[in-house]
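See below for the structure under consideration.
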Amino acid sequence: MLFPIRCLAAIGRFFIALLASIGRITRFGAMILYRGALPPYYPGRFFHEVFEIGWNSLPVVALTAVFTGSALAQQVYSAASRFSAQSTVPAAVVIGMVRELGPVLVGLMVVGRVTSAIAAELGAMRVTEQIDAMETLHTDPYRYLLAPRLYAATIALPVLVMLANVIGIFGGYLLSISKLGFNPENYLKVTREFLRAEDVHMALVKAAVFGFLMALLGCYNGFFASGGAAGVGRSTTRAVVSAFIMILFSNLMITMFFFG
Amino acid sequence: MPQTHPLIRIRGLKKSFGDHAVLQGVDLDIEAGQSVVIIGQSGGGKSVLLKTILGLIEPDAGSIEIEGQDIEKMSQAQLANIRDHIGMLFQGGALFDSLPVWRNITFAITQGHLRDTAKMQKLASEYLARVGLDDRILNLRSGELSGGMQKRVAIARAIAAKPEILLFDEPTAGLDPIRSDVIDDLTLSLVRDNGMTAITITHDMASVCKIADKIAFLHQGQIIWIGNTHDLRTTDNPYVRQFFDRKAEGPLH
């Protein structure tokens, strides 16, 4: 076969495999939502996951937000100084944090913590036959293991992002007041003026979508892991990388939907 | 005359993983209240057979009927209903390592919920006693138990839901002869006194001779020999003979 034909065939195979994967993951997600909506419910498992995903992610999210907000204020200040527009710092910090940096950075940080943990735990349960055992013990793993994680991540992420936004804006405020010579009252006034409800809505939508995707990809890769410890490692890596890509891709899609 | 069905009827069961054909047409009948032992070489598909009976692995061909119903034609809900009557001991125990021993044992009863703690702990203690363990391990997690203890806790978990059919995958592997005998006595008691049906996979010939009503030899994906313990001791089938006599020389390698 000619080289260009072989290249085309390889590209075709790649896209067919990609579409097949998207189809399998979509079906898996629909199955979790469907079975999770039916009794028996596991509220204890749900609140445990909210604590694990939300509360335990708070330190890393807070640190990320405060450093990012401060760095953003410094960057905008030094760039705006070139054309004497330093007064735009509060507006740039609030818009930058709420629309983009808050949701995306929190999403990526939580993927590192949560998606990897979900994939590794479920993968270990799969290869040690614990998931098979659960099916034989009158308990549906979709309801007991998967649905609480999916619902908890979808609900916890918006809360984390809102907190990160507040902390990030506060970080920018602190640096601007202490180092860049801004008037505190004026800074807060400009921040309030530039923050719009639609920015907050978009941040919440992004966060919920990111939470859903990161839990779904962690669950999918862990639940279907195979091949012992090495297989669990591969599944975890695949879950984290695919969640990173999906968060960045869905961020672009949502931004275009709101502002395109 | 009414036609009687075996409790489990397996016909022409085939399963491959990639190019590796594991089951190549298994036929087996299991009557209610029988203790059936499946023997055969390691990697011969015995565990796959048990998981296929349970519906955890989908066969490529053939049928499995439980109480006259083909599990291949069942919905997920019907399959879950059938599984409610089956208790399974997995080869590695498969205890939930995030839960203490007592919650593992009562998992099927509570369906994973945390409730009636005192009552469930008492119940778990009773099942631990049946497998020769005391209640000091109730609050330990599987990582804190020895391999043999994990196996016995897993047996306690399998029988706690009072199933009608027991599937035991190497219940005495990793146990000393005395503990093995406790498990054999328990299996016999469950079959003889409680009317359960047991299907056991084991390489322990002493166990086979003690607990089996019927023995099936699985070789190269097919049941090539069926008999009772007397037949096992006297058979001239070269494969079964070599396996029972534990000899390296012979047709099996």
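Miscellaneous remarks
- Contacts under 6 angstrom Cβ, first residue in the stretch A:157-179 being small (Gly, Ala, Ser), partner crowded, with 18+ Cβ neighbours inside 10 Å and not in a helix (DSSP H, G or I), 6 or more apart: A:176/A:182
- Condition check for residue B:62: in contact (Cβ under 8 Å) with a residue 40 or more places away in the chain, closer than 29 Å to residue B:244 by Cβ and more than 10 Å from every other protein chain (Cβ to nearest Cβ): yes
- Looking only at the stretch B:108-130, and only at residues there that are touching a residue at least 40 places away in the same chain (Cβ under 8 Å) and within 10 Å of another protein chain (Cβ to nearest Cβ), the one that is surrounded by the most Cβ atoms within 10 Å (Cβ to Cβ): B:108
- Number of positions in the stretch B:160-184 that are more than 15 Å from the chain's Cα centre (by Cα) and not small (Gly, Ala, Ser): 7
- Residue A:18 at pLDDT below 95, assigned to a helix (DSSP H, G or I) and under 20 Å from residue A:213 (Cα atoms): yes
- Filter pass, residue B:26 being farther than 25 Å from residue B:211 by Cα, touching a residue at least 40 places away in the same chain (Cβ under 8 Å), of a type outside the set (D, E, K, R) and in contact with a helix residue (DSSP H, G or I) (Cβ under 7 Å, 6 or more places away or on another chain): no
- Taking residues in the stretch A:181-206 that are over 30 Å from residue A:251 (Cβ atoms), and partners anywhere that are hydroxyl-bearing (Ser, Thr, Tyr), the pairs with Cβ atoms closer than 8 Å and at least 6 places apart or on different chains are A:184/A:173.
- Tally, over the stretch A:65-109, of residues that are over 18 Å from the mean Cα position of the chain (by Cα) and of a type in the set (Lys, Arg): 1
Okay, residues lined up against (1) in the same structural domain as residue B:129 (by TED's automatic domain parsing); (2) at negative phi; (3) touching an Asp or Glu at 6+ places or on another chain (Cβ under 9 Å); (4) modelled with pLDDT under 95:
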| residue | (1), (2), (3), (4) |
| --- | --- |
| B:193 | no, yes, no, yes |
| B:200 | no, yes, yes, no |
| B:203 | no, yes, yes, yes |
| B:206 | no, yes, yes, yes |
| B:215 | no, yes, yes, no |
| B:225 | no, yes, yes, no |
| B:236 | no, yes, no, yes |
| B:244 | no, yes, no, yes |
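- Residue match in the stretch A:184-191 (condition: in a helix (DSSP H, G or I), within 30 Å of residue A:133 (Cβ to Cβ) and out of contact with any strand residue (DSSP E or B) (no Cβ under 8 Å at 6 or more places or on another chain)): no
- Screening residue A:166 with (1) within 30 Å of residue A:27 (Cα to Cα); (2) at pLDDT 95 or above gives one miss only, at (1).
- Residues satisfying the stated conditions in the stretch B:87-107, i.e. closer than 17 Å to residue A:135 by Cβ, touching a strand residue (DSSP E or B) at 6+ places or on another chain (Cβ under 8 Å) and surrounded by 22 or more Cβ atoms within 10 Å (Cβ to Cβ): B:87, B:88, B:89, B:90
- Comparison of B:82, B:105, B:57 shows that the only residue that is modelled with pLDDT under 95, over 20 Å from residue A:127 (Cα atoms) and within 14 Å of another protein chain (Cβ to nearest Cβ) is B:82.
Matching residues to (1) surrounded by fewer than 22 Cβ atoms within 10 Å (Cβ to Cβ); (2) away from chain B (no Cβ under 14 Å); (3) closer than 30 Å to residue B:109 by Cβ:
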{"position": "A:92", "(1), (2), (3)": "yes, yes, no"}
{"position": "A:106", "(1), (2), (3)": "no, yes, no"}
{"position": "A:109", "(1), (2), (3)": "yes, yes, no"}
{"position": "A:117", "(1), (2), (3)": "yes, no, yes"}
{"position": "A:124", "(1), (2), (3)": "yes, no, yes"}
{"position": "A:152", "(1), (2), (3)": "no, yes, yes"}
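- Verdict on residue B:211 being within 17 Å of the chain's Cα centre (by Cα) and modelled with pLDDT of 95 or more: yes
- Selection of the stretch B:114-164 for residues being in contact with a Gly (Cβ under 7 Å, 6 or more places away or on another chain) and outside any helix (DSSP H, G or I) yields B:114, B:161, B:163.
- Flag for residue B:143 being of a type outside the set (A, V, I, L, M, F, W, C) and at pLDDT 90 or above: yes
- In the stretch A:18-37, the qualifying residues are those that are under 30 Å from residue B:114 (Cα atoms) and hydrophobic (A, V, I, L, M, F, W, C), and the one that is surrounded by the most Cβ atoms within 10 Å (Cβ to Cβ) is A:32.
Here's the yes/no breakdown for (1) more than 10 Å from chain B (Cβ to nearest Cβ); (2) within 17 Å of residue A:50 (Cα to Cα); (3) surrounded by fewer than 20 Cβ atoms within 10 Å (Cβ to Cβ):
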{"residue": "A:128", "(1), (2), (3)": "no, no, no"}
{"residue": "A:132", "(1), (2), (3)": "no, no, yes"}
{"residue": "A:136", "(1), (2), (3)": "no, no, no"}
{"residue": "A:144", "(1), (2), (3)": "no, yes, no"}
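- The stretch B:161-187 - residue that is more than 14 Å from every other protein chain (Cβ to nearest Cβ) and among the acidic types (Asp, Glu) and, of those, surrounded by the fewest Cβ atoms within 10 Å (Cβ to Cβ): B:176
- Members of the stretch B:137-146 found to be loosely packed, with under 14 Cβ neighbours inside 10 Å and more than 13 Å from chain A (Cβ to nearest Cβ), listed by number: B:139, B:144, B:146
- Residue in the stretch B:204-216 that is touching a residue at least 12 places away in the same chain (Cβ under 8 Å), of a type in the set (D, E, K, R), closer than 16 Å to residue B:39 by Cβ and in a helix (DSSP H, G or I) present: yes
- Of all residues in the stretch A:38-55 being surrounded by 15 or more Cβ atoms within 10 Å (Cβ to Cβ) and away from every other protein chain (no Cβ under 12 Å), the one that is farthest from residue B:113 (Cα to Cα): A:54
The values are calculated or read from the model by the stated rules, or taken from the named source; none is laboratory data. This structure is a prediction, so every number in the text was calculated from the model and none was measured. Backbone-built Cβ (ideal geometry, glycine too); neighbour counts: all protein chains shown.
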